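Here's the structure, in structure tokens; my notes come after.
The values are calculated or read from the model by the stated rules, or taken from the named source; none is laboratory data. The shown structure was predicted, so the numbers you read here are calculated from the model rather than taken from an experiment. For neighbour counting, all protein chains shown are included, and Cβ atoms are generated from backbone atoms with ideal geometry for every residue, glycine included.
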Amino acid sequence: MSEIQSSTVATPAGTIPPEVMRALRERFRTSTLRTCAAFRTLGIQLVATPDAPEVVDAVRRELHRVHGTAGSYGFREASALAAKLEERAIRWASDVELDRDVRGAMIIEFAEVLSLAVGETDTIAAAVAPVVQPADPLVATPDVIVVEDDGPLQEMILYALRSVGLNACAFGDGPRALEALLAMPAPADGRRPLVLLDVDLPGMDGHSLHERLRVQRPGMFGFVFQTVHGGEAEQVRALQNGALDYVIKPLNLRVLLAKIPMWIRRG
């Protein structure tokens, strides 16, 4: 769990200082270049065993992560390309002959395109990016809880929330989030903490987490989904189960920060 303390900054509400955003982007570049190396390894594995289900699923998960995160950092073309390949990888799981002879080459080529898209890292800029500190167990119930398994995106959202003076904490998987939120004390002032919730989480998906908490902690939290899943059925499921909103990734930080106060009031 990572905790962000409220702070006062000189920049206008709803913005992140340009030098900090640049540093966060450099941290994202560093992370993405490691992801490119992982894609190359997965591509080589697909060349050898194109229908290996564990490899196909690993490819799909990595593509899903790039789809959801790259656009939020401004790399929208990379996000769009990852989305198209993710759709293809989903079909690979059910059609063993689809692209069978070229699956590995497709993923290796994507790794090269992604590497070119994000470019070389600026290690000096990356070094000055804000670091999310470990949680202080004595801190009261936060204003916002981020449940997001993608580290760079989680870091960016947390810093954005800090920049407008909100207390926030984060979890990277469903079970840990559920355990913590079940135990979280209700705020003495009667407010409802806001949960920004991804769908594709390790251990327990966002819909299941939302529905468990609605039953076991009724009225305790307000929920907003943040996900690449833009299908009608997904949105209707979340909204009919009481979600305040459903936001499609990639995220626009300025829009997100503009909506946070409204969601908190509605919560």
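Among the conditions (1) part of a loop (DSSP other than H, G, I, E, B); (2) closer than 18 Å to residue 260 by Cα, residue 195 misses just one, which is (1). Looking only at segment 229-265, residues that are at pLDDT below 95, surrounded by 13 or more Cβ atoms within 10 Å (Cβ to Cβ), closer than 23 Å to residue 191 by Cβ and charged (D, E, K, R) come to 1 in all.
Taken together, the criteria place residue 224 among residues that are modelled with pLDDT of 95 or more and either not assigned by TED's automatic domain parsing to the domain that holds residue 61 or not acidic (Asp, Glu) (or both).
Residue under question is residue 201, and the condition is that it be touching a Gly at 6+ places or on another chain (Cβ under 7 Å), crowded, with 22+ Cβ neighbours inside 10 Å, not β-branched (Val, Ile, Thr) and not in a helix (DSSP H, G or I); does it hold? Working first, answer last.
Numbers: touching a Gly at 6+ places or on another chain (Cβ under 7 Å): yes; crowded, with 22+ Cβ neighbours inside 10 Å: yes; not β-branched (Val, Ile, Thr): yes; not in a helix (DSSP H, G or I): yes.
It is true that residue 201 is touching a Gly at 6+ places or on another chain (Cβ under 7 Å), crowded, with 22+ Cβ neighbours inside 10 Å, not β-branched (Val, Ile, Thr) and not in a helix (DSSP H, G or I).
Scanning segment 73-91 for residues that are within 24 Å of residue 27 (Cβ to Cβ), assigned to a helix (DSSP H, G or I) and out of contact with any helix residue (DSSP H, G or I) (no Cβ under 6 Å at 6 or more places or on another chain) turns up 76, 77, 80, 81.
State the number of residues belonging to segment 229-247 that are among the β-branched types (Val, Ile, Thr) and touching a strand residue (DSSP E or B) at 6+ places or on another chain (Cβ under 7 Å). Total satisfying the criteria: 1. Each residue in segment 174-198 was checked for being surrounded by 16 or more Cβ atoms within 10 Å (Cβ to Cβ), without any contact (Cβ under 8 Å) to a residue 40 or more places away in the chain and closer than 24 Å to residue 60 by Cβ, and 2 of them qualify.
For residue 122, the criteria (1) modelled with pLDDT under 95; (2) within 19 Å of the chain's Cα centre (by Cα); (3) among the acidic types (Asp, Glu) hold in every case but one, which is (2).
For every residue, the table says whether it meets (1) of a type in the set (S, T, N, Q); (2) surrounded by 19 or more Cβ atoms within 10 Å (Cβ to Cβ); (3) modelled with pLDDT of 90 or more; (4) over 25 Å from residue 97 (Cα atoms).
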site: 29; (1), (2), (3), (4): no, yes, no, yes
site: 40; (1), (2), (3), (4): no, no, yes, no
site: 47; (1), (2), (3), (4): no, no, yes, no
site: 54; (1), (2), (3), (4): no, no, yes, no
site: 69; (1), (2), (3), (4): yes, yes, yes, yes
site: 78; (1), (2), (3), (4): no, yes, yes, yes
site: 82; (1), (2), (3), (4): no, yes, yes, no
